[in-house]
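The values are calculated or read from the model by the stated rules, or taken from the named source; none is laboratory data. Quick caveat, the model's predicted, so the values are computed rather than measured. Here the Cβ positions follow ideal geometry from the backbone for every residue, glycine too, while neighbour counts run over all protein chains shown.
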Amino acid sequence: MNPIVSNIKTIDESRQGEAFYMPESEHIDSPYVKRFYIESYGCQMNFSDSEIVASILADCQYKPTRQIENANLILLNTCSIREKAEETIRKRLRTIDKIKISKPGTLVGILGCMAERLKQSLLDEEKLVDLVVGPDAYRDIPRLLNQVVDGDKGINVLLSREETYADISPVRLESNGITAFISIMRGCDNMCSFCVVPFTRGRERSRDPFTIVSEAAHLFAKGFREVTLLGQNVDSYKWEHPENKETYTFARLLELVSLVHSDLRVRFSTSHPKDMTDDVLHTMARHENICNYIHLPVQSGSSRILSLMNRTYDREWYKNRIEAIRQIVPDCAVSSDIIAGFCTETDEDHKETISMMAWADYCMSYMYSYSERPGTLAARKYADDIDEDTKQKRLSEIIALQRKLSAEHNARDVGKTFKVLIEGNSKKSAHEFKGRNSQNKVVVFSKTEGLKPGDYVHIYIESANSATLKGYIVNN
Ligand code: SAM
Ligand code: SF4
């Protein structure tokens, strides 16, 4: 079990398996239209990749559908980060098998990290799967589809050192029209010992900053008011101009995107404690539209465990980074990822994680129990020696503390006024809007005449629980 608390960042449990679609395409009623159905799992990068896949499929006349039984092509964009994520996909395939048997000719494809990790064996084990495509091979989907239509299986799991899909304009599926994600880099060059990402997503490469800025400007022109720049380690973004050899760092990119328009909010994820520079923090402090929120995963509070995890920072270094945030961006909220029960973790190590959480005062965390992944450094070097009960007990303590911290964090916001970007109706009532403040907290308030999603409002906070702030509009 790998639960989370509160709103999204890297893995939003409520979105796992979400099917993307575009409402307008559902009404095209022609036997010649081919339809694809795509479900996305895992981190935001996968959801973003599904939009690239949709764009590639649009070029070969496939339209998205939300009705799986109407689809000619069913795609699952998968995650391998923990064993449970892969089990979820295997279970989902059992339902899809039934659809395929009742409607022969339906094609089934596995995309993303699980495709990359399992390669040909996925085709051998899952007989009804026709297509296996890794994260760097999406441009090859049209060719593979032709191959599959002719009765063969299609597989491309080649990783690339260059592919950034920089020239592909993602089709925004299932969009609220206000917030969007922009991939700024792919892959990861870190070798955290627990993590499968470097094996499934390949070497780190940064996307041309001019294509990023132009995507942000294009989104703003279409009415979007917030972009989140995505990468496994945004702080190591680095792009060199091929002609004048000028270097673009993440701080520079962040500034360029923030200058697209002062009404375009900019967020980013994920920051790595070893690489997060003061330069980035000063850039945040200079621009009101760069949100005061940093996702800075600690993973463990124990320097000994951090060293085994190969995170290349220790407890003191991490604390120094939090202190720099507090000094340079005083209003900044910080969230984290935490792993309970990593190899050899003692009660003392666990207590250090607990004390780090309280000291860092996270507004939110994604909390996991350690899941050994085949092929990773940890799987090869260390025994997965913490029994499941202990892992779950420690995880429960971590979750309970985070709940308390989130509730206290939000309680401190009561009586404050925040600038909120309206994203749409609240989950509970059509009479209420929901939006987020700069610190990424969800704010719910009653609607008033004339306001619409995409507008900014100032909200006075009257009450709070661990997940949401509630308030009312004060004069803008
Ligand atoms: N690049 C990000 C970073 O370095 O913080 C994280 C990317 S990973 C997709 C998201 C989170 O999954 C990690 O921060 C870690 O907490 C968790 N995770 C990764 N591998 C795991 C494993 N084998 N077992 C449990 N949790 C894991
Ligand atoms: Fe995995 Fe570490 Fe890379 Fe994050 S930085 S994706 S945890 S290897």
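Here are the numbers for this structure:
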quantity: Subset of segment 332-355 (residues that are under 22 Å from Thr277 (Cα atoms) and either modelled with pLDDT under 95 or within 16 Å of ligand 1 (Cβ to nearest atom) (or both)); calculated: Val334, Ser335, Ser336, Asp337, Ile338
quantity: Test: residue in segment 47-59 that is within 16 Å of ligand 2 (Cβ to nearest atom) and of a type in the set (S, T, N, Q); calculated: yes
quantity: Candidate set: segment 168-185, residues that are without any contact (Cβ under 8 Å) to a residue 60 or more places away in the chain and in contact with a strand residue (DSSP E or B) (Cβ under 8 Å, 6 or more places away or on another chain); chosen: the one farthest from Leu308 (Cα to Cα); calculated: Ala180
quantity: Qualifying positions in segment 41-88 - within 16 Å of ligand 1 (Cβ to nearest atom), among the β-branched types (Val, Ile, Thr) and surrounded by fewer than 24 Cβ atoms within 10 Å (Cβ to Cβ); calculated: Ile81, Thr88
quantity: Cβ pairs under 7 Å, 6+ apart, first in segment 337-349 and in contact (Cβ under 8 Å) with a residue 24 or more places away in the chain, second of a type in the set (Asp, Glu); calculated: Cys343/Asp384; Cys343/Asp385; Thr344/Asp385
quantity: Test for His295: is it touching a strand residue (DSSP E or B) at 6+ places or on another chain (Cβ under 6 Å), within 16 Å of ligand 1 (Cβ to nearest atom) and in contact (Cβ under 8 Å) with a residue 40 or more places away in the chain; calculated: yes
quantity: Among (1) touching a residue at least 24 places away in the same chain (Cβ under 8 Å); (2) crowded, with 19+ Cβ neighbours inside 10 Å; (3) within 16 Å of ligand 1 (Cβ to nearest atom) - the single one Leu306 does not satisfy; calculated: (1)
quantity: Members of segment 146-160 that are away from ligand 2 (no atom under 16 Å from the Cβ) and either of a type in the set (Gly, Ala, Ser) or in a loop (DSSP other than H, G, I, E, B) (or both); calculated: Asp150, Gly151, Asp152, Lys153, Gly154, Val157, Leu158, Ser160
quantity: Filtered residues of segment 167-199 (kept if among the β-branched types (Val, Ile, Thr), within 16 Å of ligand 1 (Cβ to nearest atom) and part of a loop (DSSP other than H, G, I, E, B)); calculated: Ile184, Val196
quantity: Residues of segment 213-250 that turn out to be within 16 Å of ligand 1 (Cβ to nearest atom), assigned to a strand (DSSP E or B) and among the hydrophobic types (A, V, I, L, M, F, W, C), as a count; calculated: 2
quantity: Selection count where residues are of a type in the set (Asp, Glu), away from ligand 2 (no atom under 16 Å from the Cβ) and closer than 21 Å to Gln439 by Cα, scope segment 204-247; calculated: 1
quantity: Test: residue in segment 376-399 that is in contact with a Cys (Cβ under 9 Å, 6 or more places away or on another chain) and basic (Lys, Arg); calculated: yes
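Residue by residue, here is whether (1) among the basic types (Lys, Arg); (2) at pLDDT 95 or above; (3) crowded, with 24+ Cβ neighbours inside 10 Å holds:
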position: Thr95; (1), (2), (3): no, no, no
position: Ile101; (1), (2), (3): no, no, no
position: Pro104; (1), (2), (3): no, no, no
position: Leu107; (1), (2), (3): no, yes, no
position: Ile110; (1), (2), (3): no, yes, yes
position: Lys119; (1), (2), (3): yes, yes, no
position: Gly134; (1), (2), (3): no, yes, yes
position: Ala137; (1), (2), (3): no, yes, no
